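Asks: Take a look at the following structure, please.
What follows draws every value from the coordinates through simple rules; no lab data is involved. Every value quoted in this text rests on a predicted model; they were computed, and no experiment measured them. Virtual Cβ from ideal backbone geometry, glycine too; neighbours counted across all protein chains shown.
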Amino acid sequence: MVYDTCSNQKLSYSNKNRTIYIRIARRIVVGLVVILAICIIASSIGAVYIPLSDTLAIVINKIIGIKVKTNWPEVSESILVNLRFPRIILAGIVGAALSISGAAYQGVFRNPLADPYLIGSASGAGLGAAIVFLTGLPLLALGGGLLPVAAFVGSIAAVTLAYFIGRCQGQIGISTLILAGVAVSSLAGAITSLLMIKSDPNLRPLMSWLLGGFSGSRWVDVFILLPYVLPPMIGLVIYSRLLNVLQLNDLHAQTLGVNVNRTKTIILLAASLVTASAVAFSGVIGFVGLVGPHVVRLIWGSDYRHLVPMSAILGAGFLILADLGARVIAIPTELPVGIITAFFGAPFFIYILKTKKRPQGN
Amino acid sequence: MIKIDAIEFAYGKQHVIRDLSFAADAGEVIAVVGPNGCGKTTLFNLIMGSHKLSKGTITVNNKNIDEMSARERSQLLACVPQNLDPPEGFTVGELVMMGRNPYLSLIEWGKPEDFLIAEKALLKTGLTEYIDRPLDYLSGGERQSAFIAMALAQETQILLLDEPTANLDLRNQAILMSLIKETSRQNQTTIIMAMHDLTLAAQWCDKLVMLLNGSVYAEGLPEIVLTVDNINKVYDTIVEVQYSTEGNRPIIFNIEK
């Protein structure tokens, strides 16, 4: 290492890095185009195969509004517009939501294994939502907001509980947080089961919801979900640069002018709101928040300014494909999508556990 | 510039800092020396505002640091802690840019001049070619330099370095110390370092502050502070002091058997 103090070398870093906005924007645009392509292909495949050309034509006619050929079978249009499109779009939004909140939890806890499912946030949201299901309150009370709000309260409560259980002398280790999260998860799951057994025998909607999945998704779900997930997701993208600074230890981040406690609280609230809203509409689906951010890390590194938005995009793609798998692997029955995500997610979990470089705490 | 006035601090009932005062002017390079546990790191934490003083005041430019926001303080004071905790997966360039955080609003990711300042800090520390290298792949000394570059990018009037030479070999110690000296002279930065190597401190620093049990035992020019009596008393050991032919700086030998 040589300290070179001569200052007439060409300064190139500033030029290169000035374009960081452009680079990120380009990746996001490319990512969205790929997601669109995945959506269209996934729409074609299913119990009934619809030729790609028909799918494309229907998308262009019905969604973009330009008239091209219109000689597709009416039943295809009905399947696509009423069943597959809302389902795929909902899967995409939920995937983006779980993945972006995974990235945010990982950033705040400085823990590569944090995931809405593993730290108890998703199960807490599940419990909150189950209580609403079982009390027989109208699900669309408060303008469709009751379910997400109950899930949000459950989610925040679970994360807070896991955090305080896992914390030891102000430090929180990678494995302790996950263990605490698993404990809280199990507790929330147990209470959910107990509530189910003690209540009405007609539990089919709750049962299928708890398994997680997107069958029966409607456009109205998409429109109710979007206003809950979009603002906090945008917030997380804005906070992505501060997430970078939070990767230093807390004292150090503070010397760089970050109000550490306030910043962490804001990010945790946003991530939990995103998780809770997603869980309220899809049930508890694991590992999406682990797979999305870590694939981004492997490809583009750990800078949260890339990590946060790209995690959302990869998470969307991952869950759309997982849901496609759930629909088609065992035709005519459908698998719970959580099986597919766990199938890819669990090996990922093991890989990260084995390669993490910093054995924090305990 | 910075004035530390009769400060006290205790962890529970254990007094770590008692009635400690000293001041530093713009452009001064000061070494805080003393045995392990004499309160050097606690003093730094107090200056950075991460612990609350029980008594006394610390003022920078006549303004009490207790009354400053974290952001205001971060524009005046930068610190490189002793135990560096490099964020996993980040590159040197990304780390150094974090030093610009005190000047960025929530939605800003860095103005062109911020990148320029970060780049100059990299150039000064000799890390220009390491911009895109992940921190995990650096040696201990290079990592230290990356953190110092981050602190330089913070462009503060006061820079605190806790044991900056601990991981460095002889040549890199000299390079780092001359960088520190140059920074203080060029930008009128006040530099306060916690140091264990007394000979190195004597060679490079304008002034030494010697601590014992949380208060100042001796203070002043290196040759005044680093006497055999002072060192033997403070470190509870036996030393011999000679003087360099160039500059007449003290050189310390530990002769305890």
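Asks: State the number of residues belonging to the stretch B:58-76 that are within 9 Å of chain A (Cβ to nearest Cβ) and touching a residue at least 12 places away in the same chain (Cβ under 8 Å).
Replies: Within the stretch B:58-76, the first condition is being within 9 Å of chain A (Cβ to nearest Cβ), and the residues that meet it are B:69-75.
With the extra rule that they be touching a residue at least 12 places away in the same chain (Cβ under 8 Å), the set shrinks to B:70-71, B:73-75.
So the answer is 5.
Asks: Okay, next question. Need at least 3 residues that are in contact with a Gly (Cβ under 6 Å, 6 or more places away or on another chain) per element, so show me which strands (runs of 3 or more DSSP E) inside the stretch B:1-44 make the cut, counting only ones lying wholly within it.
Replies: Numbers: elements: B:2-11, B:14-24, B:29-33.
Ranges flagged: B:2-11, B:14-24.
Asks: Against the condition surrounded by 24 or more Cβ atoms within 10 Å (Cβ to Cβ), part of a helix (DSSP H, G or I) and touching a His at 6+ places or on another chain (Cβ under 7 Å), how does residue A:308 come out, does it pass? Explain how you work it out, then say what you get.
Replies: Values: surrounded by 24 or more Cβ atoms within 10 Å (Cβ to Cβ): yes; part of a helix (DSSP H, G or I): yes; touching a His at 6+ places or on another chain (Cβ under 7 Å): no.
Considered against the rule, which asks whether it is surrounded by 24 or more Cβ atoms within 10 Å (Cβ to Cβ), part of a helix (DSSP H, G or I) and touching a His at 6+ places or on another chain (Cβ under 7 Å), residue A:308 comes out as no.
Asks: Any chance you could count how many residues in the stretch B:82-126 are in a loop (DSSP other than H, G, I, E, B), more than 8 Å from chain A (Cβ to nearest Cβ) and surrounded by 23 or more Cβ atoms within 10 Å (Cβ to Cβ)?
Replies: 1
Asks: When residue B:143 is evaluated against the numbered criteria (1) closer than 24 Å to residue B:194 by Cα; (2) within 9 Å of chain A (Cβ to nearest Cβ); (3) surrounded by fewer than 22 Cβ atoms within 10 Å (Cβ to Cβ), which criterion, by number, is the only one it fails?
Replies: Residue B:143 satisfies every listed condition except (2).
Asks: Any idea how many residues of the stretch A:54-70 are farther than 14 Å from residue A:40 by Cα and among the β-branched types (Val, Ile, Thr)?
Replies: Step one: filter the stretch A:54-70 for residues farther than 14 Å from residue A:40 by Cα, giving A:65-70.
Those still in the list that are among the β-branched types (Val, Ile, Thr) too: A:66, A:68, A:70.
Selection size over the stretch A:54-70: 3.
Asks: Still on this structure, please answer the following. Residue B:42: of a type in the set (Val, Ile, Thr) and surrounded by fewer than 17 Cβ atoms within 10 Å (Cβ to Cβ), yes or no? Quick ask: steps written out before the conclusion?
Replies: Values: of a type in the set (Val, Ile, Thr): yes; surrounded by fewer than 17 Cβ atoms within 10 Å (Cβ to Cβ): no.
For residue B:42, the condition - of a type in the set (Val, Ile, Thr) and surrounded by fewer than 17 Cβ atoms within 10 Å (Cβ to Cβ) - is not met.
Asks: Here is a further query. Determine if the stretch B:171-186 includes at least one residue that is touching a helix residue (DSSP H, G or I) at 6+ places or on another chain (Cβ under 6 Å), outside any strand (DSSP E or B) and free of Cβ contacts under 8 Å to residues at least 40 places away in the same chain.
Replies: yes
Asks: Can you name the number of the only condition in (1) within 8 Å of chain A (Cβ to nearest Cβ); (2) assigned to a loop (DSSP other than H, G, I, E, B) that residue B:132 fails?
Replies: Answer for residue B:132: the failing condition is (1).
Asks: Give just the number: which of (1) closer than 23 Å to residue B:149 by Cβ; (2) away from chain A (no Cβ under 11 Å); (3) crowded, with 23+ Cβ neighbours inside 10 Å does residue B:79 not satisfy?
Replies: (2)
Asks: Here's a follow-up. So which pairs qualify, if the first residue must be in the stretch A:45-58 and closer than 15 Å to residue A:326 by Cα, the second must be of a type outside the set (S, T, N, Q), the Cβ gap must be under 7 Å, and the two must be at least 6 apart or on different chains?
Replies: Short answer, once both residue conditions are applied: A:45/A:324; A:45/A:328; A:46/A:84; A:46/A:327; A:46/A:328; A:47/A:331; A:47/A:332; A:48/A:79.
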